[in-house]
Amino acid sequence: MSDTSPGAGWWLASDGKWYAPELHPDYVAEPVASRFDAQPHHAASIDSPDFAAPATLPPDGHIVERSTSDLASGGTPTETSRRAPILGVVAVVLLVGVGFIGWRLLSGGSGSTGADSPQAAVQQLFDSITDADPVGFIEVVDPLEIDTFYGSFKPFIETLDGIVDDNAIESPRSQEQVGEAYERLFETLDINVTGSDGEAPTYTVEELGDSGRIAKVQFDSLEVSINRVGEPDRALIFAGGGEVGALDVSAVDGAGLELRTVNDDIIVTAIEPDGDETREVIEDVPLQLVTVERDGRWYLSMGYSIGDFVVEVADPSTRPDYGRAFDIVASGDGGSATAHDAIRDLVEAVETIDYQRIVDMMDPEGLPYLHDYFPLLDAEIPRGELREAREELDLRVTQLELRDEPWNDRVFVSIDRIETDVAGGTIDLNGDTFCLRLVSPDGDVTDECLDQVLDEEYGDEPVAEGTDILARDLVPDAIGLVVIEREGRFYLDPMGTFGWYYDVFGEVLADVLSQGFNEAAATDLDTSDGTFVVTEGPILRSGSVATTGIDGGAGVAISVEDVRLAGAGYALVRVSTDAEGDEIVGFDATSSPQWGIVTDVDQGAGAVLPAVVAITESTLTVELVDGLVALDGVSGVTGEFDSAGTPVVIELDSTRGYELSGATWTYLEDPNTASVQPLIGVEAEFGSYVRSANQVVIWGEPGQSFAIEDQTRDLVEPDAENSAPDDDTALVDSFEVHMQQLGFDYGYEVSGGYFDGCGPSDPDVDTVIFGDGPGQALITVYPTLNRAEQAFADLRSVASPCESYGGLVVLSNDSPAPDEILITYSYDANDEPDREQYFLRGRSIVAAVAVDPVEFGEIADVVRAFR
Amino acid sequence: MRVEERLTISATAGVVVGAVGAFLPWARIGGRNRSGFATADLFVGLGSGSLPDLISWAGRWWYVPAVLMFCVWLSVLFDGTTWLRVVAVVVSMLALAMWWLFVWAGWNWSVIDVAWTGPVVTTVGVLVVAHAAASKRNSILFTGTGRVRPSSLLQESSEELI
C-alpha cells in the first residue's frame, strides 16, 4: 500500500491509497510469469521489491482508479476489459471516417460550386482573372448556361476530338502546344483586376424581380492592369496558315483599363504601355453584372448581364419580368407533358402565331432571358398587324408523325411526316425521305425529293476530293427538334437543336475524313501552310541565338530595333538547324543555312514581331546580320557577293527598267508587316528583267560577280507590228511588278480578252489577272497595236443583253478619257454594280476591276499609271 | 504499453493528422483557400454538368487515397503478417502517389494554384499510418487468434520494468 502510485499495475482504492496488483479482486495468477519461466533473467526481474510490497485492502474494498500504466501491463483479464473500448474507438473512427468520406464522395458536387452571395460571385470572377485561375472562373459561371451554350455542342466537340485522334490531323504541334502557350502567356503576364486604387471594389446588390434568384451587382469602379513578369526577352511564337510571327508580351507591360461610374455614366480610360491615356464615356449605363441563384449558390449569368446592359442602353425605363422563367418551371405552366406534346404544342402555337405560347415552350432554365425579357418583345408587337397576319397565314397542320430518341441528356423528336394546309394548297413533307409534295389550290401536284435535286445539281461528283461522299450523303437522317425536360415538363431546346445538327455535321465530316481525305489533309499538314506551331522562344536583338525544339517546334522572335538597317525596318537573318530533314517554316527545305530579310517598320516597338519557326527536335540557330548592304543601282551597278554570299539590297528607280545578271532577285515585300521573307528564289522564273520596283534584294554564290544595267531606253514602246512572244511576257511581267505596289500577285489566266463575246473578240490573246481578292487588275497583250486598238474600240460597244454572259445587265459604258473606258454592270441582280475601267497602253489593254467604289478608285489609279 | 496498442494509437494519430491535413488548404481557387475535400468536391461538381467527365473523375480521384488510408489504418488492427504489412505499405505509397499526382497535375498544368499546407500535413499523416502498418504486431482486436509472439511480450515487459 502506498500514498502515491508506485508503478505499473498498482490501483487506487476508495481510501485514497494505492495497492499492489495481486491485491486487486480481479487479480489472477500472472500468466506472463509462466511464459517467462524459461527466461530466468526476466523472471527474476518480476520479483522486484515493488511488486512484493505488503499491503492491506481498504476497509470497503472499493476501487477508485487504476494506474494508467495498467493498460499496458498485458494481463489477459485487462485485455478482455480493454477490447470493448478499443472496438468502440475503431467503430467510431470507421463510422466517422469512412462514413464521412463516403458521404462527401456521394454528395460531392451538390452545392460545391458557386459563391455564397451575389457580390462574392462577382468578386470571385475578378479574383479568378487576377489569379489566372480557370477553375475559379468556371466555378462561378451559371452551370446551366454552360450546359446550354457548351453542353449542347458537346457531342459535336467530341466528334471533332475523335476526328483529330483518328486521322492524320494528330499533328504533334496542336492541342498541347496551345495549352502550353496559354500557360506561358499567363505566367508571363500579371493581370490585376481591382477596384479603385488597387482596393477591392465596393459592391451594391439589388434584387431583380421578386423571385429572390436574380440580383444585379453594381460596382463604382474597376481597374485592370497588365504587367510583365518572368523572364525578359521571351516571346510567344506562332506559325500557321503560312504566317509566322511572335507576340512580345513585354510590349503590353504597363497597359491598363479603368472603368469608373460618374453621374450614372461609365468613364472608360485605356492606358497604353507608354502611359498615354484615351478616354470614352458610355452614357447612362451602370457598371454591373447580373447573378442568378441555383440550389442556394450564386453564379454569374452572362446572358442576364448582357441582356440587362442592352436594356439599360436601349431604354432603361422598360422593365423585364425578372424571374418569369423560374416561375414557369415552378408552376409547370410552360412546356408540355411529353416530348411529342412539346412539338405538337409548338405547331399549334405557330398555326395561330401565338408567340407567347412559343416563348413559353422554350427551355426556361437554359434560356431564362427569353422568358424574362418577353414583356419587352410583347410591347413592341402591334396587335392589329398580328391579327391580320393570323388571318392571312391560314395555316393548319393536318398530319404530324413524330418519333423520339434520347440524345445528349435530351430528347430528339424527329418529324417523320408533316402535312399542312396553307393558303388553299397542301404541303406534305416526309421527314424520313426528304420528299415534298406540293398541291396548289388549283390541284396541280409537284413532287420533289431532296436527294434527286442534289443528284441533278451535283451528280456523282464527290463533295471532297479523294472521297466517294456525294452531296446527298450530307442530308441528315432526320429532321426535327430537341426537347429538354425540366421538373417533369418538356420544353423546346433551341441551342440543343443547333447542337444536334452540328453533331450530324460532325459525323459527316468524320466520314469524309475517314474515306481517304485524311491523306490529303496529312499532305497539307506536311507543307508549310499546314504547319501549326505555338511555342515560346527568345527575342533576338543582335548577334545570334539558338533555341532547342520543344515538342517538335522551335522559334526565335526578332527585333530589328538595335541593328543597322538598310532602309526602314529591313534587316538580314541567316537561319539553320542541326538535324537533317528539319523544316524551317516558309524557307526552302533544300539548303542550309538560309537567308531571310526581316521587315518590321515598327523596328521592334510593336507587340507583334517577325519570327522564324522550325519543325525540329534539335536546334534552330538564327543570326541577325549587323548591316544589310544597300547599293544605289538607279543608273546601274556592278559588284560581287562576299565570301558568305550575303544578299544585297539594290535601290532602283521604279520608272525605269533594268537587266540583272549573275544573281537571283526578289522584291522587298510590304514593309508594313512584321515578317521574315525567305530568299528562296521563287521570282527567278520571271527572268532577270526588273521594272517598276524601288528596291530589290539580290543574292548569289559567294564571290560571284553581278551586274545591273539600266535598260530603260530599250523598253520604250516595243515595235507594235513586230513584237515577239518574249516581249509579251516582258509586258506581263512588267505589269505584275507594277501591281506589286498594291500587293497584287498573279492570280490566273483566261483565254481571250476580258470582255470578249460581249463586244470585242480576239481568240489569239490571253488575259492575265492579278489579285485574288474582290479587287483585281488585268492585262491583255495583243499581237499588234491595231488589234489592240480594235479590241479597245469594240469595248465601247459592250451592252446587254449579251449572249456570252446571261444575267449581265450593263448599267453604263462611258469614256472618261480618250484611252479609257468605264463600264458598270450588274450580274445576276447583285446589289452592288461591278466596275471595270479599261486603259489602252500600246498593244496592251489593262484594266481595274472592283465592286467597292473606294477600292476601285485605288486600283484604277495604279493601273492608269502603268505605261 | 503493448506494441499493438502503441501502433494502433500511432496509426490512429496518423489518420487524425491526415484528416486534419485534408481539411487544411490544398488549393487557392477563386480567391479562396480550399480544403482537399472542397477542392475535390469542386471538381466533382464542375464535372457533373456538361463539362468533360474527366474533371469529375479528377475530383473522385482525390477521394481514393482517403479510402486507401483508412484501409491501411484498419490493417494495423490485424495480425501483422508479412504480406499484410507489405500490402499496407504499398497501398500507403499508392495513396501518397495518387494524392501527389493530383497536386502535381494541378500545379503543372496551371489548373489550380496549389496550397502546400494540406498536402504536406496529409503526407505526414499517411507516413505515420504507413509506419505503424509496417511494424510487426499482434492483432489488437482478436487476441488469441493470432500466433503468440514471446519476443513482443518480452519487449513490452522489459519496457515496463526498466
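The values are calculated or read from the model by the stated rules, or taken from the named source; none is laboratory data. Worth saying up front: this structure is predicted, and the values here are computed from it rather than measured. For neighbour counting, all protein chains shown are included, and Cβ atoms are generated from backbone atoms with ideal geometry for every residue, glycine included.
Looking only at the range A:623-648, how many residues end up being farther than 21 Å from A:Ser542 by Cβ, assigned to a strand (DSSP E or B) and of a type outside the set (Asp, Glu)?
4
Going residue by residue through the range A:767-787, is there one that turns out to be over 48 Å from the mean Cα position of the chain (by Cα) and without any contact (Cβ under 8 Å) to a residue 60 or more places away in the chain?
Kept after step one, since they are over 48 Å from the mean Cα position of the chain (by Cα), are these residues of the range A:767-787: A:782-787.
Of the ones still in play, those that are also without any contact (Cβ under 8 Å) to a residue 60 or more places away in the chain are A:787.
For the range A:767-787, residues over 48 Å from the mean Cα position of the chain (by Cα) and without any contact (Cβ under 8 Å) to a residue 60 or more places away in the chain: present.
Please indicate, with yes or no, whether at least one residue in the range A:93-105 is surrounded by fewer than 18 Cβ atoms within 10 Å (Cβ to Cβ) and facing chain B (nearest Cβ under 8 Å). Steps first, please.
Looking only at the range A:93-105, we keep the residues that are surrounded by fewer than 18 Cβ atoms within 10 Å (Cβ to Cβ), and these are A:94-96, A:98-100, A:102-103.
Right, trim to facing chain B (nearest Cβ under 8 Å) and you get A:94, A:98.
Yes, the conditions are met somewhere in the range A:93-105.
Listed residues A:Ser250, A:Ser225; which is among the small types (Gly, Ala, Ser) and part of a helix (DSSP H, G or I)?
Working: A:Ser225 fails: part of a helix (DSSP H, G or I).
From the options A:Ser250, A:Ser225, the qualifying one is A:Ser250.
From A:Ser528, A:Ser440, which residue is in contact with a strand residue (DSSP E or B) (Cβ under 8 Å, 6 or more places away or on another chain), at pLDDT 80 or above and not basic (Lys, Arg)? Let's see the steps before the verdict.
Values: A:Ser528 fails: at pLDDT 80 or above.
Result: A:Ser440 is the single residue among A:Ser528, A:Ser440 that is in contact with a strand residue (DSSP E or B) (Cβ under 8 Å, 6 or more places away or on another chain), at pLDDT 80 or above and not basic (Lys, Arg).
Determine whether A:Leu125 is over 14 Å from A:Ile214 (Cα atoms) and at the interface with another protein chain (Cβ under 9 Å from one of its Cβ atoms). Give the derivation first.
Numbers: over 14 Å from A:Ile214 (Cα atoms): yes; at the interface with another protein chain (Cβ under 9 Å from one of its Cβ atoms): yes.
Spelling it out, A:Leu125 is indeed over 14 Å from A:Ile214 (Cα atoms) and at the interface with another protein chain (Cβ under 9 Å from one of its Cβ atoms).
From (1) outside any helix (DSSP H, G or I); (2) facing another protein chain (nearest Cβ under 8 Å), pick out the condition that doesn't hold for B:Thr8.
Going through (1) outside any helix (DSSP H, G or I); (2) facing another protein chain (nearest Cβ under 8 Å) one by one, B:Thr8 breaks only (1).
Output the residue which, of all residues in the range A:152-188 that are within 8 Å of another protein chain (Cβ to nearest Cβ) and either in a loop (DSSP other than H, G, I, E, B) or in contact with a Ser or Thr (Cβ under 6 Å, 6 or more places away or on another chain) (or both), is modelled with the lowest pLDDT.
If we take residues in the range A:152-188 being within 8 Å of another protein chain (Cβ to nearest Cβ) and either in a loop (DSSP other than H, G, I, E, B) or in contact with a Ser or Thr (Cβ under 6 Å, 6 or more places away or on another chain) (or both), then A:Glu183 is modelled with the lowest pLDDT.
Can you name the residue in the range A:361-381 that is modelled with pLDDT under 90 and of a type in the set (Asp, Glu) and is also nearest to A:Ser331 (Cα to Cα) among such residues?
Per the criteria, the residue is A:Asp378.
Scan the range B:22-36 residue by residue and report those that are in a helix (DSSP H, G or I) and surrounded by fewer than 23 Cβ atoms within 10 Å (Cβ to Cβ).
The initial filter retains those residues of the range B:22-36 that are in a helix (DSSP H, G or I), namely B:22-23, B:36.
Hit for the range B:22-36 is B:Phe23, nothing else.
A:Val122 - would you say it is surrounded by 23 or more Cβ atoms within 10 Å (Cβ to Cβ), hydrophobic (A, V, I, L, M, F, W, C) and within 20 Å of A:Asp295 (Cα to Cα)?
Working: surrounded by 23 or more Cβ atoms within 10 Å (Cβ to Cβ): yes; hydrophobic (A, V, I, L, M, F, W, C): yes; within 20 Å of A:Asp295 (Cα to Cα): yes.
Considered against the rule, which asks whether it is surrounded by 23 or more Cβ atoms within 10 Å (Cβ to Cβ), hydrophobic (A, V, I, L, M, F, W, C) and within 20 Å of A:Asp295 (Cα to Cα), A:Val122 comes out as yes.
Considering only residues that are surrounded by 22 or more Cβ atoms within 10 Å (Cβ to Cβ) and within 7 Å of chain B (Cβ to nearest Cβ), which ones fall in the range A:136-146?
Selection gives A:Gly136, A:Glu139, A:Val140, A:Pro143.
Report, by residue number, each residue of the range A:597-618 that is surrounded by fewer than 24 Cβ atoms within 10 Å (Cβ to Cβ) and of a type in the set (Asp, Glu). Talk me through it step by step, then tell me what you get.
As a first pass, look at the range A:597-618 and keep what is surrounded by fewer than 24 Cβ atoms within 10 Å (Cβ to Cβ): A:599, A:601-608, A:615-618.
Residues satisfying the conditions are A:Asp602, A:Glu617.
Please work out if B:Trp57 is of a type in the set (A, V, I, L, M, F, W, C), more than 9 Å from chain A (Cβ to nearest Cβ) and in contact (Cβ under 8 Å) with a residue 40 or more places away in the chain. Before you say what the answer is, go through the steps one by one.
Numbers: of a type in the set (A, V, I, L, M, F, W, C): yes; more than 9 Å from chain A (Cβ to nearest Cβ): yes; in contact (Cβ under 8 Å) with a residue 40 or more places away in the chain: no.
It is false that B:Trp57 is of a type in the set (A, V, I, L, M, F, W, C), more than 9 Å from chain A (Cβ to nearest Cβ) and in contact (Cβ under 8 Å) with a residue 40 or more places away in the chain.
Do we have any residue at all in the range A:723-736 that's under 44 Å from the mean Cα position of the chain (by Cα), part of a loop (DSSP other than H, G, I, E, B) and modelled with pLDDT of 85 or more?
No - not one qualifying residue is present in the range A:723-736.
What is the one condition in (1) more than 29 Å from A:Glu388 (Cα to Cα); (2) in contact with a Ser or Thr (Cβ under 9 Å, 6 or more places away or on another chain); (3) of a type in the set (Gly, Ala, Ser) that A:Ser317 does not satisfy?
All conditions pass for A:Ser317, except number (2).
Scan A:Arg324, A:Arg344, A:Arg297 and give me the residue that is in contact with a strand residue (DSSP E or B) (Cβ under 9 Å, 6 or more places away or on another chain) and under 30 Å from A:Ser112 (Cβ atoms). Don't jump to the end; show me each part of the working.
Values: A:Arg324 fails: in contact with a strand residue (DSSP E or B) (Cβ under 9 Å, 6 or more places away or on another chain); A:Arg344 fails: under 30 Å from A:Ser112 (Cβ atoms).
Residue meeting the stated conditions: A:Arg297.
Is there a residue in the range A:326-338 that is touching a residue at least 60 places away in the same chain (Cβ under 8 Å), closer than 22 Å to A:Phe412 by Cα, of a type in the set (Asp, Glu) and assigned to a helix (DSSP H, G or I)?
Taking the range A:326-338 first, the residues touching a residue at least 60 places away in the same chain (Cβ under 8 Å) are A:326-327, A:329-330, A:332, A:334-338.
From what is left, the residues that are closer than 22 Å to A:Phe412 by Cα are A:329, A:332, A:334-338.
From what's left, of a type in the set (Asp, Glu): none.
No - not one qualifying residue is present in the range A:326-338.
Of the residues in the range A:598-622, how many are at pLDDT 85 or above and assigned to a strand (DSSP E or B)?
11
Residue by residue, here is whether (1) modelled with pLDDT under 85; (2) surrounded by 20 or more Cβ atoms within 10 Å (Cβ to Cβ); (3) part of a helix (DSSP H, G or I) holds:
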residue: A:Glu789; (1), (2), (3): no, no, yes
residue: A:Asp794; (1), (2), (3): no, no, yes
residue: A:Ser800; (1), (2), (3): yes, no, no
residue: A:Ser804; (1), (2), (3): yes, no, no
residue: A:Ser812; (1), (2), (3): no, no, no
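Has the range A:131-151 got any residue that is modelled with pLDDT under 80, among the aliphatic types (A, V, I, L, M) and not in a helix (DSSP H, G or I)?
Narrowing the range A:131-151 to residues modelled with pLDDT under 80: none.
No.
Report every pair of residues separated by at least 6 positions or lying on different chains whose Cβ atoms are under 9 Å apart, first residue within the range A:375-398 and on the phi > 0 side of the Ramachandran plot, second of a type outside the set (Val, Ile, Thr) and surrounded by 11 or more Cβ atoms within 10 Å (Cβ to Cβ).
A:Asp394/A:Asp421; A:Asp394/A:Ala423
Can you tell me which condition B:Leu46 does not meet? The list is (1) in contact with a strand residue (DSSP E or B) (Cβ under 6 Å, 6 or more places away or on another chain); (2) within 11 Å of chain A (Cβ to nearest Cβ), and all the others hold.
Tallying (1) in contact with a strand residue (DSSP E or B) (Cβ under 6 Å, 6 or more places away or on another chain); (2) within 11 Å of chain A (Cβ to nearest Cβ), B:Leu46 fails exactly one: (1).
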